[in-house]
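The values are calculated or read from the model by the stated rules, or taken from the named source; none is laboratory data. Since we're looking at a predicted model, the values are computed, not measured. Note that we place each Cβ from the backbone using ideal geometry, even for glycine, and neighbour counts take in every protein chain shown. Ligands, DNA and RNA are stripped out before the accessible areas are found, and what is left, the full protein with its side chains, is counted by its heavy atoms. Shrake-Rupley method; radii C 1.70, N 1.55, O 1.52, S 1.80 Å.
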Amino acid sequence: NKKPMFQDKRVRQAIALGINRDPLVEFALEGYAKPLFGPLPQSIPGYSEKVEGEAAQKYTQNVEKAKLLLEEAGWKDTNGDGIVEKDGKPFSFELWLSDEPVMQRIAQILQGQLKEIGILVNISVQEPAAITANTPKGLHDAILNMYGWSDPDILYMLFGKGSSLRMHYEPEELNNLLTKARQTMDTDERMKIYEQAQQFLVEESPWVPLFVRENVTAYRDINGFKQNPYSQSIIFNDITSK
């Protein structure tokens with residue numbers, strides 16, 4: 001988010017509007033996921049149906065609106081090659097990702113979708129160690145990444161002052177909200193603050209949430225099966241045979 005090409009909010013919003021999550025779920029993830037538009041999935045406390053609905057309404061794929069936002073931000077296709085330019089420089093960025101086959105399929109779909117709005121995405125497969133070492137330095141343009149956590153404090157870990165080592169996005173207003181949420185003991189009040197933080201992220205679009213994965217576990221001939229929703233480990237204590 002500190003790179004010049006992503007400084008304009010309209011550009012970030014255009015990228016979000018250029019993406020259709022359904023093919024990601026259907027083809028890249030073989031149906032084992034659900035599209036996600038807001039910052040938090042349902043599995044994390046603080047998830048807001050209101051925020052998710054607002055985000056879906058704002059960022060369901062709209063190619064023409066995305067092109068219009070890019071044009072307003074000064075990015076236009078002046079030579080007819082399908083890629084928008086500004087000050088003679090085409091809109092092109094490198095997307096880092098791991099060598100996981102699913103991630104590569106997702107990246108290829110995103111590459112095709114963003115080309116429709118005039119943005120050229122170059123896919124760059126990186127070693128995990130290189131991603132860990134180089135993203136805090138801001139050497140990447142963009143990264144296709146995942147997170148998992150059991151508390152909305154994950155937003156502070158992603159966007160808090162000194163913690164935003166992947167997105168490099170730490171505005172004061174957002175940091176104040178996330179810090180206040182950390183210090184608030186009342187659960188209901190805390191969740192209201194996180195809702196405000198999520199609405200801020202939806203409007204500013206420093207990242208594009210894509211989907212939440214689903215894990216499927218099959219079992220038979222037992223009672224009392226339970227699974228930890230965060231670690232996916234099986235809780236054996238209450239299992240009995242039928």
Check your understanding: Given H placed 1.01 Å from N in the peptide plane, which residues other than close sequence neighbours of residue 212 have an amide H under 5 Å from its amide H?
Key -> 34, 36
Review point. So for the chain: antiparallel DSSP bridges make up what percent, rounded to the nearest 5?
Key: 55
**Study point:** With 10 Å bins from 0: P(r) over segment 161-242, alpha-carbon pairs, percent
**Key:** 14, 28, 24, 19, 13, 1
Review point. Within the chain, which DSSP H helices have Cα atoms that stretch 27 Å or more along the helix axis and a mean Kyte-Doolittle hydropathy of at least 0.5?
Key: none
Study note, to complete from the structure: The answer for the per residue Cα convex hull volume of the chain, in Å³, is 150
Point to revise | Global form of segment 1-74, assessed from the alpha-carbon gyration tensor, a/c cut-off 1.5 | key: prolate
Exercise for review: Excluding residues fewer than 8 places away in the same chain, name every one of the lysines whose C-alpha is closer than 28 Å to that of residue 67.
Suggested key: 2, 3, 9, 34, 50, 58, 76, 86, 89, 115
Check your understanding: Any idea how far the Cα center of segment 126-159 sits from the one of segment 170-242, in Å?
Key -> 17
Revision key, fill the gap. Note: segment 99-242 at 10 °C, 1.306 mPa s; Kirkwood Rh on alpha carbon pairs; Stokes-Einstein D in µm²/s works out to 86
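Counting DSSP beta bridges with both partners in segment 1-144, what percentage is antiparallel, nearest 5?
Working: 3 of 11 bridges.
Among the beta bridges of segment 1-144, antiparallel pairing accounts for roughly 25 percent.
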Check your understanding: Want the number for residue 27 to residue 76: 0.36 nm per residue separation, take away the alpha-carbon distance, what's left?
Key -> 14.5 nm
Practice item. On the protein heavy atoms, probe 1.4 angstrom, tell me the percent of accessible surface of segment 11-62 carried by carbon and sulfur. Key: 46
Revision key, fill the gap. Of the candidates 133, 198, 33, the farthest towards the positive dipole end of the chain (Lys/Arg Cβ +1, Asp/Glu Cβ -1, centred on the Cα centre) is 133
Review point. Per residue, how much accessible area does the chain have with a 1.4 Å probe, in Å²?
Key: 55
Check your understanding: Of the accessible area of segment 123-199, with the probe set at 1.4 angstrom, what percent is carbon plus sulfur?
Key -> 51
Check your understanding: What is the magnitude of the charge dipole of segment 1-157 about its Cα centre, with +1 placed on the Cβ of each Lys and Arg, -1 on the Cβ of each Asp and Glu, and no other charges, expressed in debye to the nearest 20?
Key -> 400
